[in-house]
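A.B. asks: Here you go, one structure.
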Amino acid sequence: MSLSLREVEHVAELSRLKLTEAEKRRYREQLSEILDYVARLQSIDTSQTRPTFEVATTHSRLRPDIARPGLSVDELLKNAPEIEQNQFRIPPVLD
Amino acid sequence: MDDLTNLTVCETVEAVKRGEFSCRELVEAYLDRIDRLETQLNAFISLMPELALAQADKIDRTLWSRRKSGDPLALPLAGLPIAVKDVLCVENMRCTCGSRMLENYVPPFNATCVQRLLEAGVVILGKTNTDEFAMGSSTENSAFGVTHNPWNLERVPGGSSGGSAAAVAAHMVTAALGTDTGGSIRQPASFCGITGIKPTYGRISRYGLVAYGSSLDTPGVLGHTAADVCALFGLMAGYDPLDSTSSQRAVPKIHLDDQAELPHLRIGVPKEYFGAGIQPEVERGVHQAIETFESLGAEIITVSLPHTEYALPVYYLIAPAEASANLARYDGIRYGSRVADNDIGEIFRRTRGEKLGAEVKRRIMLGTYALSAGYYEAYYGQAQRVRTLIKRDFDQAFEQADMIAAPVSPTTAFPIGVHTDDPLAMYLEDIFTLPANLAGVPALAFPVGFDADRLPIGMQLIGPHFTEEMLFSATHAYQQVTDWHMINLSE
């Protein structure tokens, strides 16, 4: 199967990735090839098979919802690219 | 080779305990060796010599006061110099994940498995190179340059835990932590001639492991011998309330018997893992090792894992799908790099477009496509159902055999650059390691010989869920009667 350039652009937008024209062409080719390869799964009859979402663990267990000490504001903001008054700083979202 | 850097984990810990040398002397010996070899190998992204020496001094003081007071030693791995793959968080050490996206990210906490080892007394010398966000089979996808295979500098060390594997193989550390999502511990262990465990999914907490494919990711250990790897594994394993998928099953205290006998052990050899596409020397090496197991008393039987050929397409839908969701967090807002722009949408697009590497973007795109409206059922849904069939293959094989023996990789270490422009060819390197991740079962890789170019050959033993003890025991028995794991690199 062959992806169109528009499909590549659509997936890039869903992924919030800004790609160069050269990248779009390369990904179009490579992703088409990979999708061709994985298409062999379509031939397997799985009408009676349930999907596997989890292995080995019987079920995920939630811990009790009890407040515990966490990281300080300073520690949490230490890695932020831009902060102001103890908050993450971003450009205006609404006009 | 320096005497100190030639000891196993068990020998090192015993010698430190007896006071034959101090932790500082030990750490200095390893740092010296790193100094000599690192420019050729590029095994590390970050080295922390000052921190390591300070930690060594602290452990020396603890040991001294305990010896004086006659207290029993509470630190089972006192002073042991190790390295940590740069996708596992170590407090106050930069954690890049091999990516420009996180080149300045300094985590304020320890991964649970790291925390447990630090409490046991290890000294972390640095963070090792990896394919970006652990996506790759060669460590070529790192923003910090490729790591070279210590056995042949023109070859890849495997990946994604290639930095950890090279560091252990070159005796720059005693052992190292890695992670295995589709073979990322076993394949580099195999390419570098060392031993590495991919534990049962949920056996070791994923807390503090930067997520790639959450239903597949497993932290683990690379070392020279099964006994070395087992010593660290036993301390890292066990339930962690900070990871809801970590298992509550008790961790057995593993005792490895030095008597090399394996009566009553049934080893299954899957016919799908041999034949076309495999380097003949690899096939021969693995068969010879299987004969050794037979000579130790094991019964060898043929088994079938009929859906093996579908593991690759299943993996390369499920792992990218999970990755596309996990890596959505890199938005340039809360941590990590940001490309400045006046528009918030452009911050997202430009930061991700410019700071993520080619393979990571490829997998995000592939995963997003597989999950997108109209394609979900045909791709992701079908992959999850075939995953059930792959898991069932193992369940049925384990009714006949206690464990499965197979090659780790179809070839020995390939030349740097050979697969760079062909992602599918690179993915095919993983065909023998992916099934264990999809089924969540444990697998232990170890060296079983060399090819004509003197590159190591590896094989893996795969067991049912939570049977690491059996895998360590069998491999330990093999390593009692062979010396592939003890053959060192000549400098």
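A.B. asks: Output the qualifying pairs, or none if there are none: Cβ atoms under 6 angstrom, residues six or more apart or on different chains, first residue in region B:166-188 and among the acidic types (Asp, Glu), second residue buried (at least 24 other Cβ atoms within 10 Å of the Cβ).
C.D. replies: Listed by first residue and then by second, the contacts come to B:Asp180/B:Lys198; B:Asp180/B:Thr218; B:Asp180/B:Gly220.
A.B. asks: Quick one: how many residues across region B:363-379 are at negative phi and either surrounded by fewer than 21 Cβ atoms within 10 Å (Cβ to Cβ) or assigned to a loop (DSSP other than H, G, I, E, B) (or both)? Give the derivation first.
C.D. replies: Restricting attention to region B:363-379, the residues satisfying the condition of being at negative phi are B:363-373, B:375-379.
Next cut, either surrounded by fewer than 21 Cβ atoms within 10 Å (Cβ to Cβ) or assigned to a loop (DSSP other than H, G, I, E, B) (or both) only: B:371-373, B:375-378.
Going through region B:363-379 one residue at a time, the tally reaches 7.
A.B. asks: B:Phe21 is checked against (1) more than 30 Å from B:Arg100 (Cα to Cα); (2) within 29 Å of the chain's Cα centre (by Cα); (3) without any contact (Cβ under 8 Å) to a residue 24 or more places away in the chain and fails just one. What number does that condition carry?
C.D. replies: (2)
A.B. asks: Right, another one. All but one of (1) assigned to a loop (DSSP other than H, G, I, E, B); (2) in contact (Cβ under 8 Å) with a residue 24 or more places away in the chain; (3) of a type outside the set (Lys, Arg); (4) within 11 Å of another protein chain (Cβ to nearest Cβ) hold for B:Leu327, so report the exception by its number.
C.D. replies: Every condition holds for B:Leu327 apart from (1).
A.B. asks: What number of residues in region B:457-476 are closer than 17 Å to B:Ala401 by Cβ, out of contact with any Leu (no Cβ under 9 Å at 6 or more places or on another chain) and among the β-branched types (Val, Ile, Thr)?
C.D. replies: Adding up the residues that qualify gives 1.
A.B. asks: Test B:Thr308 against the stated conditions and say whether it is more than 8 Å from chain A (Cβ to nearest Cβ) and either closer than 26 Å to B:Gly463 by Cβ or touching a residue at least 24 places away in the same chain (Cβ under 8 Å) (or both).
C.D. replies: Values: more than 8 Å from chain A (Cβ to nearest Cβ): yes; either closer than 26 Å to B:Gly463 by Cβ or touching a residue at least 24 places away in the same chain (Cβ under 8 Å) (or both): yes.
Criteria met by B:Thr308.
A.B. asks: Output the number of residues of region B:417-453 satisfying the condition of being at pLDDT 95 or above, part of a helix (DSSP H, G or I) and within 11 Å of another protein chain (Cβ to nearest Cβ).
C.D. replies: Going through region B:417-453 one residue at a time, the tally reaches 4.
A.B. asks: Mind checking which residues of region B:203-246 are surrounded by fewer than 24 Cβ atoms within 10 Å (Cβ to Cβ) and small (Gly, Ala, Ser)?
C.D. replies: Result: B:Gly208, B:Ala211, B:Gly213, B:Ser214, B:Ser215, B:Ala227, B:Gly234, B:Gly238, B:Ser244, B:Ser246.
A.B. asks: Would you mention how many residues in region B:330-346 are buried (at least 22 other Cβ atoms within 10 Å of the Cβ) and part of a helix (DSSP H, G or I)?
C.D. replies: Of the residues in that region, 0 qualify.
A.B. asks: Still on this structure, please answer the following. So, of the residues in region B:56-71 that are more than 16 Å from B:Phe21 (Cβ to Cβ) and within 35 Å of the chain's Cα centre (by Cα), which turns out to be modelled with the lowest pLDDT? Break it down into steps so the answer makes sense when it comes.
C.D. replies: Pass one, region B:56-71, residues more than 16 Å from B:Phe21 (Cβ to Cβ): B:58, B:65-66, B:68-71.
Now restrict to residues that are within 35 Å of the chain's Cα centre (by Cα): B:58, B:66.
Numbers: B:Lys58: 96, B:Arg66: 82.
Among those residues, the one meeting the criterion is B:Arg66.
A.B. asks: Run down B:Thr181, B:Thr195 and say which single residue is farther than 16 Å from B:Leu88 by Cα and of a type in the set (S, T, N, Q).
C.D. replies: Details: B:Thr181 fails: farther than 16 Å from B:Leu88 by Cα.
Unique residue meeting the criteria: B:Thr195.
A.B. asks: Now for a separate question. For region B:391-402, check the following and say yes or no: at least one residue is within 11 Å of another protein chain (Cβ to nearest Cβ) and either outside any helix (DSSP H, G or I) or more than 26 Å from the chain's Cα centre (by Cα) (or both).
C.D. replies: no
A.B. asks: Same structure, new question: Any idea how many residues of region B:306-329 are crowded, with 19+ Cβ neighbours inside 10 Å and of a type in the set (D, E, K, R)?
C.D. replies: 1
A.B. asks: Could you run through region B:141-155 and say how many residues are surrounded by fewer than 21 Cβ atoms within 10 Å (Cβ to Cβ) and either of a type in the set (Ser, Thr, Tyr) or touching a Lys or Arg at 6+ places or on another chain (Cβ under 7 Å) (or both)?
C.D. replies: 1
A.B. asks: Could you tell me which residue of region B:352-377 is modelled with the highest pLDDT, considering only residues that are more than 7 Å from chain A (Cβ to nearest Cβ) and over 24 Å from B:Thr420 (Cα atoms)?
C.D. replies: Filtering region B:352-377 down to residues more than 7 Å from chain A (Cβ to nearest Cβ) leaves B:354-360, B:363, B:367, B:370-371, B:373-377.
Subsequent filtering for residues that are over 24 Å from B:Thr420 (Cα atoms) retains B:371, B:373-377.
On the way: B:Leu371: 95, B:Ala373: 84, B:Gly374: 88, B:Tyr375: 89, B:Tyr376: 92, B:Glu377: 91.
The qualifying residue modelled with the highest pLDDT is B:Leu371.
A.B. asks: Given the conditions (1) within 14 Å of chain A (Cβ to nearest Cβ); (2) surrounded by fewer than 23 Cβ atoms within 10 Å (Cβ to Cβ); (3) of a type in the set (A, V, I, L, M, F, W, C), and given that B:Cys97 satisfies all but one, which numbered condition is not satisfied?
C.D. replies: Among (1) within 14 Å of chain A (Cβ to nearest Cβ); (2) surrounded by fewer than 23 Cβ atoms within 10 Å (Cβ to Cβ); (3) of a type in the set (A, V, I, L, M, F, W, C), B:Cys97 violates only (2).
A.B. asks: Report yes if some residue within region A:55-67 is at pLDDT 95 or above and of a type in the set (Asp, Glu); otherwise report no.
C.D. replies: Step one: of region A:55-67, the residues at pLDDT 95 or above are none.
There is no residue in region A:55-67 that is at pLDDT 95 or above and of a type in the set (Asp, Glu).
The values are calculated or read from the model by the stated rules, or taken from the named source; none is laboratory data. Keep in mind it's a predicted model, so treat the numbers as computed, not measured. Cβ coordinates were reconstructed from backbone atoms using ideal geometry, including for glycine residues, and neighbour counts include every protein chain displayed.
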